[in-house]
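Working notes, structure below.
The values are calculated or read from the model by the stated rules, or taken from the named source; none is laboratory data. Everything numeric in this text was worked out from a predicted model, so none of it was measured. All Cβ positions, glycine included, derive from the backbone under ideal geometry; neighbour counts span all protein chains shown.
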Amino acid sequence: MILTDQKILQCLSEGSIKVEPFRRECLGSNSYDVHLGKTLAVYKDSILDAKKHNQIETFEIPPEGYVLTPENFYLGVTLEYTETHRHVPFLEGKSSVGRLGIDIHATAGKGDVGFCNHWTLEISVKKPVRVYAGMPIGQIIYFEIDGQLLTPYNSKTSAKYNEVKAIPVESMMWKNQF
């Protein structure tokens, strides 16, 4: 079941959902709009290795915007810090963003109960497009869970993305044993 605007507001007041900064005008009928943070990143190497810690270079989006190009892959970050303690958050691109040919996540659209952080975005584009810090980039939809939760994400010792950062975070696949 997807939470409505009324239920999201109730969860915000109870503390089971947190969005900072929260702006009432960003609350949709059944989602919350999030915005592109000021920092983007690109991987330093042209070939990535799943068993290696692939390093990134971060840079700030200038006031005049930054042109994303199809031949590059970018990591972005949401301006908003979020916490979700009793619901599963799903991050989806806004339709207006999709109509510009921008994909904001390759595979990581679903968060975990207990995720407390900024969202790292996996950005690719179909054609060159200028983006701006603070522009609407996606929306979070909250789903009810069924059953008792044993271990929220922020309590897992194996969680690789618990360190709170307002900048994009590179893949931590290299920490897995395979």
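Odds and ends about this structure:
- Only one entry of Val113, Val77, Val88, Val97 meets the criterion of being farther than 22 Å from Leu40 by Cβ, of a type in the set (A, V, I, L, M) and touching a Pro at 6+ places or on another chain (Cβ under 8 Å), and that entry is Val113.
- Selection within the range 136-178 - within 19 Å of Phe73 (Cβ to Cβ) and either in contact with a Pro (Cβ under 9 Å, 6 or more places away or on another chain) or not charged (D, E, K, R) (or both): Ile137, Gly138, Tyr161, Ile167, Pro168, Val169, Ser171, Met172, Met173, Trp174
- Taken over the range 27-49, the criterion of being at pLDDT 95 or above and small (Gly, Ala, Ser) is satisfied by Gly28, Ser29, Ser31, Gly37, Ala41.
- For the range 93-101, the count of residues that are touching a strand residue (DSSP E or B) at 6+ places or on another chain (Cβ under 6 Å), under 28 Å from Ser16 (Cβ atoms) and in a loop (DSSP other than H, G, I, E, B) is at least one.
- Count of the range 2-24 residues which are aliphatic (A, V, I, L, M) and assigned to a loop (DSSP other than H, G, I, E, B): 1
- Condition check for Val88: in a loop (DSSP other than H, G, I, E, B), touching a residue at least 24 places away in the same chain (Cβ under 8 Å) and closer than 19 Å to Ile17 by Cβ: no
- Subset of the range 55-101 [of a type in the set (Asp, Glu), under 17 Å from Leu12 (Cβ atoms) and surrounded by fewer than 20 Cβ atoms within 10 Å (Cβ to Cβ)]: Glu83
- Residues in the range 38-77 that are β-branched (Val, Ile, Thr), assigned to a loop (DSSP other than H, G, I, E, B) and over 16 Å from Lys126 (Cα atoms): Ile47, Ile61.
- In the range 108-154, the residues that are small (Gly, Ala, Ser), touching an Asp or Glu at 6+ places or on another chain (Cβ under 9 Å), surrounded by fewer than 19 Cβ atoms within 10 Å (Cβ to Cβ) and under 24 Å from Asn30 (Cα atoms): Ala108, Gly109, Gly114
- Qualifying residue in the range 33-40 (condition: farther than 25 Å from Ile141 by Cβ and either β-branched (Val, Ile, Thr) or in contact (Cβ under 8 Å) with a residue 24 or more places away in the chain (or both)): no
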